[in-house]
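The values are calculated or read from the model by the stated rules, or taken from the named source; none is laboratory data. As the structure is a computational prediction, the values presented were derived from the model and not from experiment. Using ideal geometry, Cβ is built from the backbone for each residue, glycine included, and neighbour counts are taken over all protein chains shown.
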Amino acid sequence: MRILLIKCHGRSLLSRIRPIVTEPLELEMIAAVLNRFSGAGLSYRLYDSWLEGGSSKDIIEKEKPDVLMLTGYVTAVEEILGLAAHAKKVSEKTAVWVGGVHAEGCPEDFYSEGVDAVFFAHALWGLDVLLKSYFEQGVGVANLYEKMPGVAYKDDGAGWVEKGPSAEGWAFEGPVPDRSYFEAYKHKVRYVERRGVALLKTARSCPHLCEFCYCRLLNGGVYQERPLEEVIQEIRGISADTIWIVDDCFLTTAARADAWASALEGLAAEGVHKRFIAYARADVIVRLQDYVKRLRVIGFDEWIVGLEAVEDAQLKALGKGVEADDNAGAVDVIRAAGARLTALFLVSPDDDAGDFRRLWAWIKGHEVRRFTVSILTPLKGTKVYEQYAGRMAAEGLARPARFDFLHLVMRPTRMPAWLFYLRFWWLSAKARLR
């Protein structure tokens, strides 16, 4: 069996500028599962056009795989469907499987002629089960899907069948990612000005309940932390000097922060020193400020914090669960610890000129040097999406490619669209100038 794994990217302004280019961690996690079957006759190839250049279609034509695995975010839906259709034109025998974070929450977006199966729950476990059935039990590819929970597939009547997740999937711990691909293209990976930054996942989903956030819906909405010993062992094997922890919220409790600090202090005593970038909530930063200082000493030199808004009414409307004072406090705590803050803000299509001015005044007043601004983009499955779904459908702006947080998916209510974009890009330009 020959498998081709492709990381798909939607086309947007960021895809042209590319301030951040990461390793395809999800493909490297899949690769680690596939390695278990290399002795049984399985071979595979990873491909990410942002790292290798070239064309995904050309790679499909060259490889002519037995199985094509595609993954990407919501902005890549059209790209994924196009590549699936292209693969079927190259060879009708190619099985096309789709996975990733968008497929996990919205599998129906990939129900098309070119796609054979969509992995929407416990994908690594499901893939492991599927390949065991194929190699150890001799089950043909066409019959594999019926035996696997957490997958949607086409039945004989051309409809789609969704098999819910299995209890076994919750307990499955996938192997440590195979970072061979990262090592080959490490020189092309970057996080803004930092080069060769590796990604690390230490938990699934998020324990918080922000109503606009899609990440908390992943893993069936169940927050699960990986065993700390396993993660520390993975860190030992990462060649990069800087590691970006891509959990939606790394800091959660004092117990977790203490365990991590102790483990990393132990690594430092062994001579293993890393720099870390991680996400956190403002209220947790304030509550665990002593740990923010302690973690700074052992390498946590940048915190990415979703402040979102600077007024209590706006934060309440987002269902964020924090207050404006928490945001101000987090800025002070991170600065006092000697770490760098990257603040994330949202502007809403319902904002007026005063909202933009007050946001900029707050940023200046609190001397936030590094920040990004995104447009509120309700993602399917969230409570905020339910609130705006009718409006988005009626206005016809909500194509997948526009869900990059840089485009309006709803018409502004308090100013023309051109003026909203002007204010948005003016504020974004301020971020680059600072």
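Things to note:
- Just one of the listed residues (329, 321) is more than 30 Å from residue 24 (Cα to Cα) and either aromatic (Phe, Trp, Tyr) or modelled with pLDDT under 95 (or both), and it is 321.
- Residue count for the stretch 231-264 satisfying the condition of being exposed (fewer than 13 other Cβ atoms within 10 Å of the Cβ) and touching a residue at least 24 places away in the same chain (Cβ under 8 Å): 4.
- Conditions (1) surrounded by fewer than 20 Cβ atoms within 10 Å (Cβ to Cβ); (2) at pLDDT below 90; (3) under 18 Å from residue 121 (Cα atoms); number of the one not met by residue 225: (2)
- Flag for residue 392 being surrounded by 13 or more Cβ atoms within 10 Å (Cβ to Cβ), part of a helix (DSSP H, G or I) and out of contact with any strand residue (DSSP E or B) (no Cβ under 9 Å at 6 or more places or on another chain): yes
- Elements of type strands (runs of 3 or more DSSP E) in the stretch 5-114, at least 3 residues being among the hydrophobic types (A, V, I, L, M, F, W, C), free of Cβ contacts under 8 Å to residues at least 40 places away in the same chain and outside the structural domain of residue 218 (by TED's automatic domain parsing): 95-99
- Within the stretch 327-349, residues that are farther than 26 Å from residue 407 by Cβ sit with their Cβ atoms under 6 Å from residues that are of a type in the set (S, T, N, Q) and surrounded by 15 or more Cβ atoms within 10 Å (Cβ to Cβ), at 6+ positions apart or across chains, in these pairs: 333/289.
- Look at (1) assigned to a helix (DSSP H, G or I); (2) surrounded by 19 or more Cβ atoms within 10 Å (Cβ to Cβ) and you find that residue 186 fails only one, number (2).
- Test: residue in the stretch 100-120 that is of a type outside the set (A, V, I, L, M, F, W, C), closer than 18 Å to residue 10 by Cα and over 25 Å from the mean Cα position of the chain (by Cα): no
- Within the stretch 351-408, tally of residues that are in contact (Cβ under 8 Å) with a residue 40 or more places away in the chain and of a type in the set (Gly, Ala, Ser): 3
- Taking the stretch 2-53 as the range and being among the polar types (S, T, N, Q), under 24 Å from residue 193 (Cα atoms) and at pLDDT below 95 as the test, the residues that pass are 12, 15.
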